[in-house]
1. Using the structure shown, decide if Asp302 is open to solvent by 40 Å² or more (accessible area, probe 1.4 Å) and charged (D, E, K, R).
2. For the range 174-218, which positions are among the small types (Gly, Ala, Ser), under 27 Å from Leu118 (Cα atoms) and either at pLDDT below 90 or open to solvent by less than 30 Å² (accessible area, probe 1.4 Å) (or both)?
3. Which count do you get for residues in the range 260-318 that are among the charged types (D, E, K, R) and either touching a Phe, Trp or Tyr at 6+ places or on another chain (Cβ under 9 Å) or not in a helix (DSSP H, G or I) (or both)?
4. So, of the residues in the range 10-39 that are without any contact (Cβ under 8 Å) to a residue 40 or more places away in the chain and over 20 Å from Tyr137 (Cβ atoms), which turns out to be farthest from the chain's Cα centre (by Cα)?
5. Out of everything in the range 14-70 that is acidic (Asp, Glu) and crowded, with 18+ Cβ neighbours inside 10 Å, what residue ends up being farthest from Ala115 (Cα to Cα)?
6. Applying the selection to the range 132-145, what residues are open to solvent by less than 40 Å² (accessible area, probe 1.4 Å) and either more than 17 Å from Leu56 (Cβ to Cβ) or in a loop (DSSP other than H, G, I, E, B) (or both)?
7. Exactly one of these conditions fails for Gly150: (1) modelled with pLDDT under 95; (2) open to solvent by less than 30 Å² (accessible area, probe 1.4 Å); (3) out of contact with any strand residue (DSSP E or B) (no Cβ under 6 Å at 6 or more places or on another chain). Give me its number.
8. So is Val42 under 18 Å from Ala316 (Cα atoms) and either part of a helix (DSSP H, G or I) or over 19 Å from the mean Cα position of the chain (by Cα) (or both) or not?
Amino acid sequence: MSYFSTWMKNGRSASLVQSGMPAVLALVLAIGPGFNLVLGLVAVIGALAAHMAMNLLDDYFDYKEDMLADRLDVVRKGMKAYTAKYPYLTDGSATVADLRNAIYFFSAQALICGAVVLAFRGWQVAAIAAAGGILGYFYSGKPLQLGYKGLGEPVIGVIFGPLLMIGVYFAACGRIDNLIIAISIPVGLLVTNILFTHSFLDKVGDEASDKKTLAGLVGSDKGNLVVSAILNFLPFLVIALASATGYINIMYIAVLVLCVMPLWLFRSLIAFADGKEWNTANPPKYMGNMGNLEQFKAAGLDWFLVRWFSARNILANYCLLIIIVRILVLLFFK
């Protein structure tokens with residue numbers, strides 16, 4: 001494998017959906033007066049590179065905290081915890097120095113893309129990128145370590161929701177309007193939902209590592225289910241209300257057809273909280289692609305990864321359907 005593909009794999013490229021789909025959605029929403037496809041694409045590439053840098057930076061700080069050892073101890077005690085943490089470091093295929101260099105590599109790509117957009121769109125782009133970069137670093141980095149204090153999930157939701165989408169939108173068309181604000185907020189909630197689902201499922205492992213996630217901050221399973229319900233269903237309610245009140249085109253209400261997906265995920269989390277069995281080995285087809293499901297089942301990780309992929313797929317389909325609606329609006333409702 002090439003250097004690039006190796007570190008894309010190590011950096012969990014499957015998670016790029018949570019930045020890539022919002023970025024592409026923002027690019028399509030920007031089509032109109034002043035639209036510049038090249039600048040928009042540069043912004044999208046920069047966002048993806050920044051995401052990879054953040055994933056690897058998170059691995060770096062988690063490795064320094066020795067979080068894998070804590071999770072393995074939890075498993076030895078008979079409880080469930082996600083143990084697929086930075087495998088490229090534990091199996092010796094990469095060193096910490098290699099990891100640092102990869103972080104620099106992807107960070108440099110993001111900075112170059114940002115500089116190109118800055119040259120054409122001005123200081124607003126720099127302000128948005130700086131806010132995202134600072135929050136991204138302090139998600140895991142000291143002294144703030146927001147991801148260890150119960151603030152990581154909303155921080156990532158802001159970064160890959162409003163900040164990323166408004167940044168790409170502004171890069172592509174040079175303006176900010178009601179449409180991008182109305183859609184970036186619910187998208188941010190669905191991004192938050194991916195991380196919250198992760199932390200809810202791995203609350204025991206995180207607590208053993210002294211990592212305070214939002215699920216750990218909320219504490220009780222009942223409280224976490226309330227948060228999950230908000231994150232799963234509020235994005236659909238926001239678009240429905242914005243469409244019904246004329247804030248955005250009524251056609252965007254079509255996202256409601258996807259509600260079966262968050263309903264399945266939420267019910268599965270209820271079963272998880274109650275300690276009941278849930279068929280994660282054979283999720284329904286409408287929940288979308290689950291990656292290498294057979295491998296997950298063999299490793300005994302389908303209980304975790306199928307739910308994580310479900311949250312990811314909800315975001316992906318939500319963005320995709322809005323992209324389709326946007327194209328239809330442009331074609332027939334100008």
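The values are calculated or read from the model by the stated rules, or taken from the named source; none is laboratory data. Values in this document were obtained by computation on a predicted structure and should not be read as measured data. Don't worry about glycine lacking a Cβ; one is built from the backbone with ideal geometry, like all the others, and counts go over all protein chains shown. Please note that ligands, DNA and RNA were not included when accessible areas were found on the heavy atoms of the full protein model with its side chains. Shrake-Rupley method; radii C 1.70, N 1.55, O 1.52, S 1.80 Å.
1. Numbers: open to solvent by 40 Å² or more (accessible area, probe 1.4 Å): no; charged (D, E, K, R): yes.
Considered against the rule, which asks whether it is open to solvent by 40 Å² or more (accessible area, probe 1.4 Å) and charged (D, E, K, R), Asp302 comes out as no.
2. Pass one, the range 174-218, residues among the small types (Gly, Ala, Ser): 174, 182, 184, 188, 199, 205, 208-209, 215-216.
Pick out the ones that are also under 27 Å from Leu118 (Cα atoms) and you get 174, 182, 184, 188.
Hits for the range 174-218 are Ala182, Ser184, Gly188.
3. From the range 260-318, those among the charged types (D, E, K, R) are 267, 274, 276-277, 285, 294, 297, 302, 307, 312; that's our starting set.
Retained after the next criterion (residues that are either touching a Phe, Trp or Tyr at 6+ places or on another chain (Cβ under 9 Å) or not in a helix (DSSP H, G or I) (or both)): 267, 274, 276-277, 302, 307.
Residues meeting the conditions: 6.
4. Of the range 10-39, the ones without any contact (Cβ under 8 Å) to a residue 40 or more places away in the chain are 13, 16, 20, 38.
If we keep only those that are over 20 Å from Tyr137 (Cβ atoms) as well, we get 13, 20, 38.
Details: Ser13: 11, Gly20: 9, Val38: 24 Å.
Top of the filtered list is Val38.
5. Step one: of the range 14-70, the residues acidic (Asp, Glu) are 58-59, 62, 65-66, 70.
Applying the additional criterion that residues be crowded, with 18+ Cβ neighbours inside 10 Å yields 58-59, 62, 70.
Numbers: Asp58: 24, Asp59: 27, Asp62: 30, Asp70: 41 Å.
Per the stated criteria, the residue is Asp70.
6. Applying the first criterion (open to solvent by less than 40 Å² (accessible area, probe 1.4 Å)) to the range 132-145 yields 132, 136, 139-141, 145.
Residues satisfying the conditions are Gly141, Gln145.
7. The failed condition is (3).
8. Values: under 18 Å from Ala316 (Cα atoms): no; either part of a helix (DSSP H, G or I) or over 19 Å from the mean Cα position of the chain (by Cα) (or both): yes.
Considered against the rule, which asks whether it is under 18 Å from Ala316 (Cα atoms) and either part of a helix (DSSP H, G or I) or over 19 Å from the mean Cα position of the chain (by Cα) (or both), Val42 comes out as no.
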